[in-house]
Structure formats: structure tokens, C-alpha cells
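The values are calculated or read from the model by the stated rules, or taken from the named source; none is laboratory data. Worth saying up front: this structure is predicted, and the values here are computed from it rather than measured. Here the Cβ positions follow ideal geometry from the backbone for every residue, glycine too, while neighbour counts run over all protein chains shown.
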Amino acid sequence: MSATLFVGIGELATPVQSGSWEVRTVRDAGLMVEDGTVRWVGPRADAPATADTVDLGGGVVLPGFVDAHTHLAFAGHRADELAMRAAGMDFAAIAAGGGGIRKTVRHTRAASERELLEAVSGRARRMLANGTTTAEVKTGYGLDQETEQRLLAVYASLAAASPLTVVPTYLAAHAVPPEYDGKRGAYLEEVVLPGVAPAAALGARAVDMFVEQGYFQADDARRLAEAARAHGLGLRLHVDQLGDHGGAALAAELGAASADHLEHTGPEGIAALASSRTVPVLLPASVLGLGLQRYPDARAMIDRGLPVVLATDFNPGSSPTLSVPFVMALATRTMRMTPDEALVATTVNAAQSLGLADRGTLAPGQRADFTVWDCTDYREVACWFGFELCSRTVIESRTVHLARRDPQDPRPGETA
Ligand code: NIG
Ligand code: FE
């Protein structure tokens, strides 16, 4: 395949490493790609000669987003919970009434593999349309061997059919299913742990557990970590979401790749992360989605030098959004993160949390996964929210999403 030079780039913004990761911009840029890989980035005027050029129309170019925490596969929706929350019911009260995770489990168990594949394929296209090119995808709405394995099979089919890179995680320890009510230990022994080996065989790269009062406990996570290690799988943990249960320190102790949520993690937990390789994955849309006030202390984490990751936590209950730019907008308003920090958190830090060194920046040798935005300044991507701004998504040099835009229309921050 011959090289292609992308031009018509008003501004290209990418993380670059100078000690820590910083955002660098190039105005009127050129981006040369070959065989799905970036070969050259710089001012268009300095670009090497190529026969083949593609004009991107003048927007902002960013590396594709890596959404490092999603629950992509499930059936049904939970819109009925909005009125329950309006009436004052919280996560625990809704769950106690048969709603919440268990409701989605009922719908998911009843869905066929084909129905689930259609659902995730549609969601994957919406992710691409919002600039996501790689996604971690969890199971966790099956909660029995058969359905958990069906969800992994669905992810394998999605990976084969969609240009989106999917990185599956086995989350049978998301909740205790009704048939094991009051028998958490038995569920762990009979379903979660025996499921680790088949999950690895079906393509899971990591395991996860919801460590929380009424869900799973620290010792359960220790058992799961052991099983994961035995099968060569990584560990990611949902911790400190609804209270500070020492979950960040637990994740650090177990050598988890990531500690996710962390809304209630205090200075001790942050210190534990700082002296480990476990990275914080923050999910502000789930705080908004549950109508809560307490966001993770991103500022303290960044100030301790932690490589903070931002992700959607896409799921039908707490966080029904597929949009990474929406999460960036939220992070800049609720967690005192700058647009630069939000961009690093959704690209290179997110990729590294998944062990992917070949993406998250636009530099020679990286995958040519990039996106084009209808704006003139990269910081606008974290500024506007509630409407789609991504005009094109490119994966390994191939355009996989192209938005219809009237060329007469000014961009949102432009005067015609
Ligand atoms: O990450 N915390 C546990 N799991 C999800 C919520 C899932 C649901 O409500 O269906 C989360 O927020
Ligand atoms: Fe989650």
C-alpha cells in the first residue's frame, strides 16, 4: 500500500512525552500514513511528497479515544429508574426492589446471541461516531456460566465484524444473582472462579469485580486475583464507588492494572496508588447518572503524578452514555481537570492502562487511528457538550465514520 498524506488539518493535537505527557499542537498540519500506521506528522508545508492526498476540510485532528471502562453488552434499558430516582430512591433502594443490575441481568439472559450482537454493533457504531476507536468491554449482566460466555462470544463476533478494537474483561463478579441470594461465597466458588479459565479461552484479557457493601468483599477480590494470575489475565476493580472501603489500597496490593470509580477514595488510597503501578480510572458520568454529588479527587491524583484515565462506564443504569467528549466536558466542570489533562486521560493514559503501547498519540509508528472535529481549537472538544462534534473517524487509515455536515454551516465557535 502506498502512503497517503492527510491535509486540511486546521490543528492537530496529540499527547507527547516530556517527563509527563503534555499536549502539543501543530497548526495547518499534515499527517502521513502507510499500511495503517502513522509515518510522519508536522506542518503541512514540510510534508514529504506523496502522490495520494486526502483533504479533511480544516477541522481539529486528535488521536482516537480509548474508552477503558464500558459495560457494552446487555439487553434492554432502565429508563423506568429515572422516576424512581426523582422520587428519592437510591442505587441500593432500586436494587432492593428488583431493579438495577438484576433487572438488566433478567433481560440479558433472555436475549439471544444474535440479538446481543445487534445491540453491541449499534452501540459500537455510535462509539465510532463520537470518536472512540478502542474500547474495553465488560461482561457482568449474565452472572451464570452460560450467559457470561455468550457475552464473551458476542464480543469476539463484534471484534471480527467492527473496526473498533475491543478488549474484553470478565466481570461475573458484578453482583450476586437472585438464585444465589444470601450465598455470595457459593456464587464465587461455583460460578465466578470456575468461569475464569473459559473466559480466558474466549478472549477475555482481564477480570473485574464490584467491591462494595452488599456486593463483593476484599477477600473475594484476593481469590479472584489469584485465579486471574493463574490464567494470565489482568485485574481491574470497581472500588470505592459508594463509600471508602479501602478499595484503592486493595487494588494496589493486588497489583491491579486499574482501580476504577474511586469517588470516595481519600488521601491514603491515593498514596497507595502513587506507590504502585495501579492506575486510576475515573467515571464522572456515573456520578452524574446516579444523581450524586461526590466526584473523585482527580486533582489530588494528578498532583501526585498518577496517570489518570477518564472513561464512560457505559451501562444502562448509572452511566448511559457512549460519548467520551461528554465525559471530558464533565471532568473539566466537576473535577478541576484541564482540557489537556482530559485529552491525555482519554488517549495515551487510557491505552497504557490496557497495555496498548501502539495507540493514544499521533507519532510515527503509532496506529493511524484518528478523529476529525468540527472546531478550530482542540480544547473545544472538552468545552461543547450534548451534541455531536466528531465529523470523521479513521481507523488504521480507513474512514469508518463520516458525519453529514452542510459546508455552509459555520462550526459552533465560528462566525460565518
Ligand atoms: O460501574 N458499579 C457497578 N456497576 C456499574 C453500574 C451498573 C448498573 O447499574 O447496571 C457501574 O457504575
Ligand atoms: Fe463500571
One residue is enough: does region 35-53 have a residue meeting the conditions within 13 Å of ligand 1 (Cβ to nearest atom), within 23 Å of the chain's Cα centre (by Cα) and more than 21 Å from Ala382 (Cα to Cα)? no
Within the group Leu254, Leu242, Leu237, which residue is in contact with a strand residue (DSSP E or B) (Cβ under 8 Å, 6 or more places away or on another chain) and within 16 Å of ligand 1 (Cβ to nearest atom)? Leu237
Number of the condition not met by Ala230 [criteria: (1) buried (at least 17 other Cβ atoms within 10 Å of the Cβ); (2) over 17 Å from the mean Cα position of the chain (by Cα); (3) small (Gly, Ala, Ser)]: (1)
Given the structure, is Thr278 polar (S, T, N, Q), in the same structural domain as His69 (by TED's automatic domain parsing) and either touching a strand residue (DSSP E or B) at 6+ places or on another chain (Cβ under 6 Å) or modelled with pLDDT under 95 (or both)? yes
Residues of region 312-353 that turn out to be over 22 Å from Thr14 (Cα atoms) and of a type in the set (S, T, N, Q), as a count: 5
All but one of (1) outside the structural domain of Val381 (by TED's automatic domain parsing); (2) outside any loop (DSSP other than H, G, I, E, B); (3) out of contact with any Asp or Glu (no Cβ under 7 Å at 6 or more places or on another chain) hold for Gly88, so report the exception by its number. (2)
Subset of region 152-171 (residues that are in contact with a Leu (Cβ under 7 Å, 6 or more places away or on another chain), in a helix (DSSP H, G or I) and either buried (at least 22 other Cβ atoms within 10 Å of the Cβ) or on the phi > 0 side of the Ramachandran plot (or both)): Leu152, Val154, Leu158
Selection from region 44-80 of residues within 30 Å of Ala110 (Cα to Cα) and away from ligand 2 (no atom under 16 Å from the Cβ) yields Ala75, Gly76, His77, Ala79, Asp80
Is at least one residue of region 290-303 in a loop (DSSP other than H, G, I, E, B) and in contact (Cβ under 8 Å) with a residue 60 or more places away in the chain? yes
Evaluate the following for Thr104: is it of a type in the set (Ser, Thr, Tyr), outside the structural domain of Pro316 (by TED's automatic domain parsing) and either in a helix (DSSP H, G or I) or modelled with pLDDT of 95 or more (or both)? no
In region 191-219, the residues that are away from ligand 2 (no atom under 14 Å from the Cβ), under 17 Å from Gly142 (Cα atoms) and either at pLDDT below 95 or not in a helix (DSSP H, G or I) (or both): Leu193, Pro194, Gly195, Leu202, Gly203, Ala204
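Table: residues versus (1) more than 16 Å from ligand 1 (Cβ to nearest atom); (2) farther than 24 Å from Gly140 by Cα; (3) in the same structural domain as Leu12 (by TED's automatic domain parsing).
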{"site": "Pro316", "(1), (2), (3)": "no, no, no"}
{"site": "Pro320", "(1), (2), (3)": "no, no, no"}
{"site": "Thr332", "(1), (2), (3)": "yes, yes, no"}
{"site": "Leu343", "(1), (2), (3)": "yes, yes, no"}
{"site": "Asp369", "(1), (2), (3)": "yes, yes, yes"}
{"site": "Cys375", "(1), (2), (3)": "yes, yes, yes"}
{"site": "Phe385", "(1), (2), (3)": "yes, yes, yes"}
{"site": "Arg392", "(1), (2), (3)": "yes, yes, yes"}
Subset of region 249-263 [away from ligand 2 (no atom under 15 Å from the Cβ) and under 17 Å from Gln213 (Cβ atoms)]: Ala249, Leu250
So the check is Cβ under 6 Å with 6+ separation or different chains; which pairs have a first residue in region 24-47 that's closer than 14 Å to Arg398 by Cα and in the same structural domain as Gly8 (by TED's automatic domain parsing) and a second one that's modelled with pLDDT of 95 or more and of a type in the set (Phe, Trp, Tyr)? Leu31/Phe6; Met32/Trp40
What residue, of Gly360, Gly365, is away from ligand 2 (no atom under 16 Å from the Cβ), touching a residue at least 12 places away in the same chain (Cβ under 8 Å), in a loop (DSSP other than H, G, I, E, B) and within 18 Å of the chain's Cα centre (by Cα)? Gly360
For the structure I just gave you, tell me whether Val7 is crowded, with 16+ Cβ neighbours inside 10 Å, under 23 Å from the mean Cα position of the chain (by Cα) and part of a strand (DSSP E or B). no
Within region 70-91, track down each residue that is more than 30 Å from Thr165 (Cα to Cα) and exposed (fewer than 13 other Cβ atoms within 10 Å of the Cβ). Asp80, Leu82, Ala83, Ala86, Ala87, Gly88
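I'm trying to understand the selection: among the residues of region 172-191, which are surrounded by fewer than 22 Cβ atoms within 10 Å (Cβ to Cβ), free of Cβ contacts under 8 Å to residues at least 60 places away in the same chain and of a type outside the set (Phe, Trp, Tyr)?
Result: Glu179, Asp181, Gly182, Lys183, Arg184, Gly185, Ala186, Glu189, Glu190, Val191.
In this structure, does Glu115 turn out to be part of a helix (DSSP H, G or I), over 13 Å from Ser318 (Cβ atoms) and among the acidic types (Asp, Glu)?
Yes, satisfied.
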Selection count, region 301-360, where residues are more than 26 Å from Leu171 (Cα to Cα), among the acidic types (Asp, Glu) and buried (at least 24 other Cβ atoms within 10 Å of the Cβ): 1
